[in-house]
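Just so it is clear, none of the values below were taken in a lab; they were calculated from the coordinates. Note that the structure is a prediction, hence the values are computed from the model and not measured. Virtual Cβ from ideal backbone geometry, glycine too; neighbours counted across all protein chains shown.
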Amino acid sequence: MTIKEMDAAYVASTYKRFPLEIASGKGSVVFDENGKKYIDLGSGIAVTSFGIGDDEWKQAVTAQLDLVQHTSNLYYTAPCARLAKMLCERTGMRKVFFSNSGAEANECAIKAARKYAADKHGPERHTIITLKNSFHGRTLTTLAATGQAHYHELFRPLTPGFVHAEANNVMELAALAKTYPTAGILLECVQGEGGVVPLEKDFVSAAAEICREKDILLMVDEVQTGNGRTGEMYAYMHYGVTPDIVSTAKGLAGGLPLGATLLGEKAEHVLGFGDHGSTFGGNPVCCAGAISILSRIDDKLLAGVKEKSRFLFEALTGAPGIRGVTGLGLMIGIQTEKPAGEVVAACMEKGVLCLTAKDRVRLLPALNIPMELLKAAVPAILAACAP
Ligand code: PLP
């Protein structure tokens with residue numbers, strides 16, 4: 001059996017894989033089983049922040065492996081405490097709950113918002129408003145939060161208490177917050193799976209104002225946008241708002257599973273002993289990886305993200321077969337005349353790995369991808385898009 005046949009026979013068929021086995025890699029270059037080289041513009045869907053096998057990250061992770069790979073949350077470990085301190089210092093948030101994935105980070109955010117509202121205003125105040133076209137995860141609760149009906153159909157009944165507003169429609173958001181006893185508003189500043197669509201600044205400001213007026217918690221899902229991806233440490237920092245809760249995962253630990261829910265001043269004391277938990281959450285190896293990543297997301301790196309973003313926007317905007325380019329930082333959506341899947345397949349043929357998001361081609365390269373690799377990848381993308 002080949003690996004592809006074995007996978008088809010034994011792995012649950014939830015993923016429509018590309019016909020490509022990734023065997024090895026270094027930085028933003030990966031190789032298939034036959035040694036063919038690809039420039040990686042997907043970084044494992046925004047996960048390998050510093051690419052494959054980054055030396056500093058590997059050193060941090062293996063050093064922790066040599067000490068202890070897991071204890072339990074019944075004991076203290078240094079990486080967990082140090083990472084929480086780092087996250088709080090970088091954001092002004094007060095406390096961190098660690099989990100293993102983006103969906104779990106959002107689950108914790110939702111639980112914290114509901115508990116805050118119940119403690120302060122009574123249990124009937126439990127509605128969570130999210131946006132249409134959003135994506136918040138695959139658990140039944142985060143599916144309920146996800147504002148795209150096609151994800152819901154097969155799995156009803158979902159967790160109750162979620163309503164969805166049109167993105168950038170302040171009137172609708174205000175009306176929902178008035179109609180429903182609302183505990184929280186959850187939004188992605190750039191809707192990633194929804195097609196790499198940034199929210200308007202006025203809308204995010206209005207959402208923050210509604211939350212402030214009504215003592216609703218503002219929750220920002222930074223699972224995809226976080227940890228330097230958009231050219232700021234977190235995407236909300238482009239918007240001049242202060243969320244009450246921030247959830248993040250994906251690129252946080254550079255390729256190891258780690259979710260984090262950051263609780264601000266209002267939610268700081270909401271979760272007490274036994275209110276929430278996770279066996280693996282805050283695993284010391286994952287936290288050591290995350291410390292290595294976060295400690296290198298500094299002004300210089302973020303300036304590089306912005307510069308590479310400008311380069312891609314300029315190189316792609318207005319090119320034949322490209323209707324438009326959206327996004328923020330190194331989170332880029334390309335509206336193509338050809339079907340996005342066709343463009344991605346043609347790019348792969350030419351040795352460039354891209355992703356799709358809805359009807360767009362999506363680029364999520366590693367934050368430290370060398371400019372030369374981007375310059376080498378652009379002609380392949382342009383050729384694939386051209387009519
Ligand atoms: N939230 C956002 C914005 C995401 O993009 C994703 C994954 O794509 C998730 C949540 C879910 O993350 P995970 O797959 O780690 O559960």
For this session: May I ask what percent, to the nearest 5, of DSSP beta bridges between residues of segment 133-274 are antiparallel?
Result: 45 percent
For this session: Report the extension gain between K36 and L67 in nm, rounded to one decimal, defined as 0.36 nm multiplied by the number of residues separating them, less their alpha carbon distance.
Result: 7.5 nm
For this session: Please report how far the C-alpha centroid of segment 67-92 lies from that of segment 233-261, rounded to the nearest whole angstrom.
Result: 16 Å
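What net charge do the residues around K85 carry, taking every other residue with its C-beta under 14 Å from that of K85, with Lys and Arg at +1 and Asp and Glu at -1?
Numbers: positive: R82, R90, R94, K95; negative: E89.
Computed value for this residue: +3.
Going highest first, how would you order 83-92, 354-363 by mean Cβ packing within 10 Å? It would help to have the intermediate numbers written out before the result.
Details: 83-92: 17.2, 354-363: 22.8.
So the peptides 83-92, 354-363, ranked by packing, come out 354-363, 83-92.
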For this session: Enumerate the whole-percent occupancy of each 10 Å bin, from 0 to the last occupied one, for all C-alpha pair distances of segment 1-91.
Result: 12, 28, 31, 23, 5, 0
Exercise. Of the beta bridges DSSP finds with both residues in the chain, what % are antiparallel, to the nearest 5?
Worked result: 65 percent
Seminar exercise, completed: Percent of all Cα-Cα pairs per 5 Å bin for segment 102-158, counting from 0 up to the last occupied bin, reads 4, 20, 26, 23, 16, 9, 2, 0
For this session: Give me the Debye-computed log₁₀ of I(q)/I(0) at q = 0.22, 0.23 Å⁻¹ for segment 103-203, equal point scatterers on Cα only, no solvent, two decimals.
Result: -1.21, -1.29
Exercise. Length gain on complete extension for the stretch A78 to E349, per 0.36 nm per residue less the alpha carbon to alpha carbon distance?
Worked result: 93.0 nm
For this session: Tell me which residues come under 5 Å, amide H to amide H, from E33 once H is placed; ignore anything under 5 positions away on its chain.
Result: E21, A23
Seminar exercise, completed: If the chain between C88 and D359 were fully extended at 0.36 nm per residue, the gain over the current Cα-Cα distance would be 93.9 nm
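Show me 14-24, 93-103 ranked by packing, highest mean number of other Cβ atoms within 10 Å first. Please report the intermediate quantities before stating the final value.
Details: 14-24: 10.9, 93-103: 22.2.
The packing order, highest mean first, is 93-103, 14-24.
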Problem set entry | Cross-link pairs K308/K358; K95/K250; K266/K358; K26/K338 - those with Cα-Cα distance over 27 Å | K266/K358; K26/K338
Problem set entry | Cα-Cα pairs of segment 235-283 separated by more than 18 Å (percent) | 44 percent
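Suppose R0 equals 30 Å. What FRET efficiency, 1/(1 + (r/R0)^6) with r the Cβ-Cβ distance, do L382 and H150 give to the nearest 0.05?
Numbers: r = 32 Å, r/R0 = 1.05.
Calculated value: 0.40.
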For this session: Compute the distance in nm between two label points, each set 7 Å from the Cα along the Cα-to-Cβ direction, one at E209 and one at E307.
Result: 3.8 nm
Exercise. With a 10 Å Cβ neighbour count serving as the proxy for reagent exposure, in which order, fewest first, do L382, L271, L364 appear?
Worked result: L382, L271, L364
Exercise. When the Debye formula is applied to the Cα atoms of segment 164-237, each taken as the same point scatterer, what base-10 log of I(q)/I(0) results at q = 0.13, 0.19, 0.23, 0.26 Å⁻¹?
Worked result: -0.37, -0.77, -1.06, -1.25
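Among 236-248, 366-378, how do they line up by average Cβ neighbours within 10 Å per residue, starting with the highest? Mind dumping the intermediate values first?
Values: 236-248: 23.2, 366-378: 18.6.
In decreasing order of mean packing, 236-248, 366-378 become 236-248, 366-378.
Diagonalise the Cα gyration tensor of the chain and give the resulting equivalent ellipsoid semi-axes, square root of 5 times each eigenvalue, largest first, whole Å. Write down the numbers at each step before the final one.
On the way: eigenvalues 216, 132, 80 Å².
So the three semi-axes of the chain are 33, 26, 20 Å.
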For this session: Divide by every residue of the chain the summed helix terms, -39500 (n - 2.57) for each DSSP H run of at least 4, and state the resulting mean residue ellipticity at 222 nm, rounded to the nearest 500 deg cm²/dmol.
Result: -11500 deg cm²/dmol
